[in-house]
1. With the requirement that a residue be on the phi < 0 side of the Ramachandran plot and part of a loop (DSSP other than H, G, I, E, B), what does the stretch 483-504 give you?
2. List every residue pair whose Cβ atoms sit under 7 Å apart, with the two residues 6 or more apart in sequence or on different chains, where the first one lies in the stretch 391-406 and is within 10 Å of residue 559 (Cα to Cα) and not assigned by TED's automatic domain parsing to the domain that holds residue 433 and the second, anywhere, is crowded, with 21+ Cβ neighbours inside 10 Å and at pLDDT below 95.
3. Residues of the stretch 713-740 being under 32 Å from the mean Cα position of the chain (by Cα) and over 22 Å from residue 778 (Cβ atoms), which ones?
4. Filter the stretch 288-313 for residues that are away from ligand 2 (no atom under 16 Å from the Cβ) and over 14 Å from the mean Cα position of the chain (by Cα); which is surrounded by the most Cβ atoms within 10 Å (Cβ to Cβ)?
5. When the stretch 10-24 is examined, which residues are found to be within 24 Å of residue 180 (Cβ to Cβ) and part of a loop (DSSP other than H, G, I, E, B)?
6. Working only within the stretch 75-112, note down all residues that are part of a loop (DSSP other than H, G, I, E, B) and either surrounded by 19 or more Cβ atoms within 10 Å (Cβ to Cβ) or in contact with a strand residue (DSSP E or B) (Cβ under 7 Å, 6 or more places away or on another chain) (or both).
7. Can you find even one residue in the stretch 514-522 that is more than 30 Å from residue 371 (Cα to Cα), touching a helix residue (DSSP H, G or I) at 6+ places or on another chain (Cβ under 6 Å), in a loop (DSSP other than H, G, I, E, B) and not assigned by TED's automatic domain parsing to the domain that holds residue 379?
Ligand code: DPP
Ligand code: ZN
C-alpha cells in the first residue's frame, strides 16, 4: 500500500534557501515561473538526484543555470520531477501551468467567487508548482503577481509589499517579499476585489504594525468583530507568552469556499468566511465565539507553527495540539476578563465544559475506532486524513496535562526554552517535550517526563477505575486508582504491548451533606490534591477532617483525557451536582446522572418498547440547577443540557441509535413536563437588553433562555409555541431568531414550521452563512429522512461545491440527526454512500471526512451493522476512488 511510516524519515539532501515565483494569474490557465536556488547539503552524496513534487501541472520549460536541461537529464511522472545528478549548487528555473478554475479540490490555487485563493497545508503547494513540498525545507520567498487590474485590483502574498506597477493591456503587478524562511505549506496568494478594514497598532516593543482584514465587497460592516478579536489576540500573546508580532503587516482574507476553518499562512491568513464575518443580525453567539477562537488560533500559530515548525507531518500535533491549548486558554482568559474571582472561575469552567464536550463527541469515538492513532501517528496514507480530533483536541489535552504538572510558571519557562532552542527550525514533538522537561527539572529536581512521553506514541482513551476505603478509627480515607488501555486501531494488528500512562488526577472529597473534606498528606492540607498515577495502580491515603462516608470528586477540571469508572449512587451524584466546589466536576455529576438514566432507559426500551420514567432524584437535580441563581446563566445552560447523542452512543457496548434517541427524548420530555413552570420562569428571568452584545454574560443568558424555551416547547407546547413565535418575530439578533426557529421547526406542527422556515428564507437568503443555518435546521429536524434531504438538495441554493453548504445539509444530517440518519430502513446509509462517491469526484478531502461517519459501524446492532458494512463495501469497490477516501473506508473494513 501507499503507507508512509514515521520511522522512515530522511532529511532532504538539498537546501533551497531562496524561491522566486512569477505568477501570471488567469482562471483558465495560470503560468508560473519558479526559480529555485538549490544547494546540496554537505553530508549528501555527490550524485544525488533532486526530486521535486508536482501534481496536475504542465511543464513548459526547465533550465539549470540559464541553460535548457537536456531531456536525458530529468524525468517526470504525475507526482514527481527528478533531475539526475544535480550539481553542488545551481539555479533551477521551471515554467509550468495549472488550471485554477477547474480545481474543485480547493487545494493549491483555486477560484472562489471571482477571486483567487490558495491552500497549501499539507501538500497543496505541489499543485501550484514543482517544489520540495515538505515542511523541513524552508526558503525565503519573493513573489511577483501579475493579473488584470480591473478584475483583480488586490494582489496579496506573504510578507511585505516591495513594489507595484502598471503593465500594458490593463494588467498590473505586485511584488511581495517574506523575510522569514518558511516551508511551502505556509505559502499563500490572493487576488480579487475586496473590502478592506485596517488599523495600525503598536506591539509590546513599540513597533507599528498594520492589521488588515479583506472580505467580499459589501461585507465591510461584518468584519469589526474579527478585527477586535485580532487585536486581542496580539495583546494576549504578548502578555501571557511574551510573544510579539514579528511582521510589519498581518493580513486576514475571508474565502467563501474553504475546506477547513482557516489557515495560518505567514502574514497572510486565509479564513473560511464563517470565521470572519459577523454582525448581530446574521451571526449567533456561537459564531462570535468561534471567530474569536479561530482568529486567536491562527494568529498564535505565527510562533507555534511558523517560527518553529514541524520537521515532518507526523509531528503535526507539535503545532496543532499546542496552538489549540493556546486558543483555549485565550478564550478562557477573555471570558474571565473583568469578572470577580468567583465569576471568573465559573466562566473558565464553562469554556472547559465546552472543550471537553467536543473532545468526548469527536475524539473519544475516534480513539476507539478504526482510525485510532496516537497524537503523533506512526503511519498514514493521506496526511490530510490526520487533521483529526486526536491530533488537535487530545493533543491539546496532553499539553494541558504538562501545564498541570509543571504549573503556569515552569510551563512558561519551558515555552521560553523551546523558542530559545528552536526558533527558525523545523522540529519534532520530542524536541518540545525535551524543552519542557528541562524547565520542569529546573523547577523540581528529580522529576522526569519519561513516562509522560508515552502519550505521544500510544493511542486509546485510558480507563481509570477508582475504589475508596474509609478507616474511621484512624481518621483516614484511602483511594486506589487503576488504569487500563487495551490496544486500539492498528495497535491491535501489531499486538503492541502498551505501557502505563502518566495521569494527573485532580481529586477531592465531599461529605454526605456536600461539604468539602480537607485532605492532609505529607505535602500539606488542601481540598484538592493532584495525584500522579504513573503505574498501573496506586493507593493514596489522606488524613481527613471528617468521619462518615466520603464522596469522591474525581478528575476536577478534567485534569486528564481519560474515562473514569466509579460506582456512584444516584444520591451521591446529586450531592456532587449540588455542592462540589469544582465547577467542572459539579457539571459532570448532573450529566452523569442523566447519562446513566438514558442508558438504562434505552436497554429497557429494547425489551419493552417503553422508555423508563425519570427518577425523582434526577428531576430534583434539574430543578435545583434551574433555580440556583447563584450560578451564572451560561453555566446553568450547560448543566441542564441533555447529554450529547455522540457521548451516549460511545457509552453503549452494542450501539442502538434508535434506542438512545428514544430514551434521550423520553428523559427530556419527563424533565420538560415536570418542570414546565420552572422553565417558564427561567425563560422570563433571562431577558437581555435589545442592544446586542456578544459578551459571555449576555451570551450565557441567551443560552439559558433558549434552552428553557426548548424545554417549554416540549413540556407545554401551546405556551412554548406562542413564546417561540413571538421571539422569532421580535428577535433583535440571530442567536434568538435561530433558537426560536429551531425550537419551532423541531418541536412543533407542520404549519408553524413551514411558515417560519419560509419567512427565514425570504429574509436572509442573500447571506450565504445564514442560508447555511436555514439548511442545517432542516437537515437536523427529527422528521427529516434521506428522501427529504435529497429533495432539499434540489433547492437552487444548494451546491456540493461549497464545503460550508455541503456540511450544512449532508454532514448535518449524517452526524447530527440520530433518528433520521439511522432510520431502520437503511435509507440514510445508502444516501451517505451516494454522497461520499459524488463528493469524491469534486473534493476528496471533504469526501474523506464524510466517509468517517461510519467509523463505529462494527459496534452497531446487527441490522444497522450489516447495512453499514454493505455501503462501505460499495464505496471500497469503486475503481477510481481518491487515496483520501480509500484510506478511510479500507481502514474501516479492515
Ligand atoms: N486549519 C489548520 C489549523 O489552523 C491548518 N493548520 O489548525
Ligand atoms: Zn492550527
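1. 485, 486, 487, 488, 494, 496, 497, 498, 499, 500, 501, 502
2. none
3. Within the stretch 713-740, 732 is the sole residue that qualifies.
4. Applying the filter and picking the extreme gives 288.
5. Of everything in the stretch 10-24, those that are within 24 Å of residue 180 (Cβ to Cβ) and part of a loop (DSSP other than H, G, I, E, B) turn out to be 11, 12, 13.
6. Passing the criteria: 79, 84, 86, 88, 99, 103, 105, 106, 107.
7. The answer is yes; a qualifying residue exists.
Residue-by-condition table, conditions (1) farther than 20 Å from residue 535 by Cβ; (2) in the same structural domain as residue 406 (by TED's automatic domain parsing):
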{"site": "424", "(1), (2)": "yes, yes"}
{"site": "427", "(1), (2)": "yes, yes"}
{"site": "450", "(1), (2)": "no, yes"}
{"site": "478", "(1), (2)": "no, no"}
{"site": "483", "(1), (2)": "no, no"}
{"site": "495", "(1), (2)": "yes, no"}
{"site": "500", "(1), (2)": "no, no"}
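The values are calculated or read from the model by the stated rules, or taken from the named source; none is laboratory data. These numbers were taken from a predicted model, which means no experiment stands behind them. FYI the Cβ positions are ideal-geometry reconstructions off the backbone, even for glycines, and counts take in every protein chain you see.
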